[in-house]
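Asker: I am attaching a structure below and will ask some questions about it afterwards.
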Amino acid sequence: MTISEEDVEKELELHDQLDLILVLAIGPSPTPHLVVQKRAILLSKLLGVDSEAEPYPYGLYSETITEKLQSAKNATLFRKRDGKYELTPMGMRAYEILKGLVVKKGEDILRFIEILHRMSDDELLALTYHLFPESFEESKIKEKIRAMIEQFKGKGITKARKEREKIVLEIDACR
């Protein structure tokens, strides 16, 4: 069965912005829960969507994201299989449409999404802690994270900082 763009657009209208961010966070490959969490938190901050993330012993965590990942309402877009989240055929079409919409907001956002999908778990964790120092408040792994942040400096993302509600990244184009 072929899924038309019109069908996907109708489906997308039934979902809120955070649901759509989850589609972008999961992306084209099966993704573990904590990776989806970190990507979604970063993307939601970048796109100005409240994910209700809070400091947690292993970085920022959003109960809202977990609830949305488990919600039957989102089963048309993604599902959990073998411990990882993956997009459904409708979700894959939605992912492509959403990437096109993101490009309209700016090529840099699409590039950031693509980089997030290529980052290792450690890189993603280090970036989240680096951009959101409040992550250290409850952290049980803060020393490990500080060492990782030092290790990753100058590799890929050359500078990362928050300016009020914006995330500003300088990314090595060779990455």
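What follows is calculated from the coordinates using simple rules that are stated; it is not laboratory data. This one's a predicted model, so the numbers in the text were calculated from it and none came from an experiment. Using ideal geometry, Cβ is built from the backbone for each residue, glycine included, and neighbour counts are taken over all protein chains shown.
Asker: Go ahead and run the numbers for FRET between Lys140 and Ser4, Cβ-Cβ distance against an R0 of 45 Å, rounding to 0.05.
Answerer: 0.40
Asker: Which of Phe78, Ser44, Pro55 sits closest to the plus end of the dipole of segment 5-171, meaning its Cα is farthest towards the positive end, when Lys and Arg get +1 and Asp and Glu get -1 on the C-beta?
Answerer: It is Pro55.
Asker: When the Karplus curve 6.51 cos²θ - 1.76 cosθ + 1.60 is applied with θ = phi - 60°, which whole-Hz ³J(HN,Hα) does each residue of segment 96-110 get, with x for Gly and Pro?
Answerer: 5, 5, 5, 4, x, 5, 5, 4, 5, 7, x, 4, 4, 5, 5
Asker: Follow-up. Tell me which residues come under 5 Å, amide H to amide H, from Phe78 once H is placed; ignore anything under 5 positions away on its chain.
Answerer: HN-HN under 5 Å from Phe78: Thr88.
Asker: Run the simple label-point estimate for Lys104 and Ala75 please: 7 Å along Cα→C-beta, distance reported in nm.
Answerer: Using points 7 Å along Cα→Cβ, the separation is 3.1 nm.
Asker: What percent do you get for the relative contact order of the chain when only Cα pairs under 8 Å and 6+ apart count?
Answerer: Relative contact order here is 24 percent.
Asker: Once the dipole of the chain is set up with Lys and Arg at +1 and Asp and Glu at -1 on Cβ about the Cα centre, which of Ile149, Val102, Ser135 lies farthest towards its positive end?
Answerer: Highest projection toward the positive end goes to Ile149.
Asker: Next question. Please report, in debye to the nearest 20, how large the charge dipole of the chain is about its Cα centre when each Lys and Arg carries +1 at its beta carbon and each Asp and Glu carries -1 there.
Answerer: The dipole magnitude comes to about 580 debye.
Asker: Quick one: Karplus J couplings for segment 130-145, per residue in order, coefficients 6.51, -1.76, 1.60, θ = phi - 60°, nearest Hz, x for Gly and Pro?
Answerer: Those phi angles translate into 5, 6, 10, x, 4, 4, 6, 3, 9, 5, 8, 10, 4, 5, 4, 5 Hz.
Asker: Per-residue ellipticity at 222 nm for the chain, helices alone: DSSP H runs ≥ 4 residues times -39500 (n - 2.57), over residue total, nearest 500 deg cm²/dmol?
Answerer: Result for the chain: -16500 deg cm²/dmol, rounded to the nearest 500.
Asker: A follow-up question, please. What is the distance, in nm, between label points placed 7 Å from the Cα along the Cα-to-Cβ direction at Thr66 and at Glu96?
Answerer: 3.5
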